[in-house]
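The values are calculated or read from the model by the stated rules, or taken from the named source; none is laboratory data. Predicted model, so just to flag it, every value in this text is computed and none were measured. Here Cβ is always computed from backbone atoms with ideal geometry, including for glycine, and neighbour counts include all displayed protein chains. Only protein heavy atoms, including side chains, enter the accessible area calculation; ligands, DNA and RNA are left aside. Shrake-Rupley method; radii C 1.70, N 1.55, O 1.52, S 1.80 Å.
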Amino acid sequence: NAGVTQTPKFQVLKTGQSMTLQCAQDMNHNSMYWYRQDPGMGLRLIYYSASEGTTDKGEVPNGYNVSRLNKREFSLRLESAAPSQTSVYFCASSLGLLYSSTDTQYFGPGTRLTVL
Amino acid sequence: AQRVTQPEKLLSVFKGAPVELKCNYSYSGSPELFWYVQYSRQRLQLLLRHISRESIKGFTADLNKGETSFHLKKPFAQEEDSAMYYCALSVSGGYNKLIFGAGTRLAVHP
């Protein structure tokens, strides 16, 4: 099993360009998440999908949209990239257990995005 | 407000020395706390969760609700413990939405 995969690994955009970050998991997990990681700030939740067909905003959703394409795939779209969106983006998935204390998130390798 | 604070950006120790990585949280509900670790060139992964009360790779963490802390401890550090450690708080009460601290880099020197 590949676990959680993300594409691309690296991307450079110009301000105003759009792009979609792809995430897929092969663990039959119900829940999927997108985080961004910035220096000195840890990981911050952008959007999450508790189950197929649902998506919800996290801590920092502005400037992003998501699509839960099916149970396996959860994409993150930047419609008009800004330099403030320069970051490392991580996708994660979990079984989505009712009791979060026993739910484990599994992370992808990350996408390093630079917006000039 | 829900918050996780890891006051140390870098903790540098020698092999065999005790290690304590500090984590404090702010949350009005019943906290669910985790430690995640990222080794060099590896993915972020779960190290331990407070509800399990287990020792993983020699690390333990005790939830202290009075001090709102969840410090990670190991009595004798090893070089392979060098990594980035993140404390995380689940605030959902249902689905697992995590709030991460800024992380502490642990460097264990020979």
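Exactly one residue out of B:L21, B:L11, B:L89 is touching a residue at least 60 places away in the same chain (Cβ under 8 Å), under 23 Å from A:D38 (Cα atoms) and away from chain A (no Cβ under 14 Å): that is B:L11.
The listed residues are A:Y106, A:Y64, A:Y89, and the only one of them that is over 23 Å from B:A1 (Cα atoms), out of contact with any helix residue (DSSP H, G or I) (no Cβ under 7 Å at 6 or more places or on another chain) and within 8 Å of chain B (Cβ to nearest Cβ) turns out to be A:Y106. Say we look at segment B:24-38 and pick out the residues that are hydroxyl-bearing (S, T, Y) and open to solvent by less than 40 Å² (accessible area, probe 1.4 Å); which of these is nearest to the other protein chains (Cβ to nearest Cβ)? Ranking the qualifying residues of segment B:24-38, first place goes to B:Y36.
Screening segment B:22-110 for strands (runs of 3 or more DSSP E) wholly inside it with 3 or more residues that are of a type in the set (S, T, Y) returns the ranges B:83-90. Pairs are defined by a Cβ separation below 7 Å, a sequence spacing of at least 6 or placement on different chains, a first member in segment B:39-61 that is surrounded by 15 or more Cβ atoms within 10 Å (Cβ to Cβ), and a second member that is among the β-branched types (V, I, T) and at pLDDT below 95; the pairs so defined are B:L46/A:T104; B:L47/B:I56; B:L48/B:I56. Tell me, yes or no, whether segment A:15-24 has at least one residue that is closer than 24 Å to B:A102 by Cα, within 11 Å of chain B (Cβ to nearest Cβ) and surrounded by 14 or more Cβ atoms within 10 Å (Cβ to Cβ). Taking every residue of segment A:15-24 in turn, none turns out to be closer than 24 Å to B:A102 by Cα, within 11 Å of chain B (Cβ to nearest Cβ) and surrounded by 14 or more Cβ atoms within 10 Å (Cβ to Cβ). Scan segment A:30-46 and tell me whether some residue there is at pLDDT below 95, outside any strand (DSSP E or B), polar (S, T, N, Q) and open to solvent by 50 Å² or more (accessible area, probe 1.4 Å). Within segment A:30-46, one or more residues are at pLDDT below 95, outside any strand (DSSP E or B), polar (S, T, N, Q) and open to solvent by 50 Å² or more (accessible area, probe 1.4 Å). When A:N1 is tested against (1) farther than 15 Å from A:P109 by Cα; (2) in a loop (DSSP other than H, G, I, E, B), only condition (1) is not met.
Note on segment B:62-86: residues that are in contact with a Pro (Cβ under 8 Å, 6 or more places away or on another chain), without any contact (Cβ under 8 Å) to a residue 40 or more places away in the chain and surrounded by fewer than 15 Cβ atoms within 10 Å (Cβ to Cβ) amount to 1. Does any residue in segment A:76-87 that is without any contact (Cβ under 8 Å) to a residue 60 or more places away in the chain come within less than 9 Å, Cβ to Cβ, of a residue that is assigned to a loop (DSSP other than H, G, I, E, B) six or more places away or on a different chain, and which pairs are these? If the second residue must be assigned to a loop (DSSP other than H, G, I, E, B), the pairs left are A:L76/A:Y64; A:R77/A:S18; A:R77/A:Y64; A:S84/A:G63; A:Q85/A:G63; A:Q85/A:Y64; A:T86/A:L116.
In segment B:1-10 there is at least one residue matching the filter, namely being buried (at least 17 other Cβ atoms within 10 Å of the Cβ) and either in contact with a Ser or Thr (Cβ under 7 Å, 6 or more places away or on another chain) or of a type in the set (D, E, K, R) (or both).
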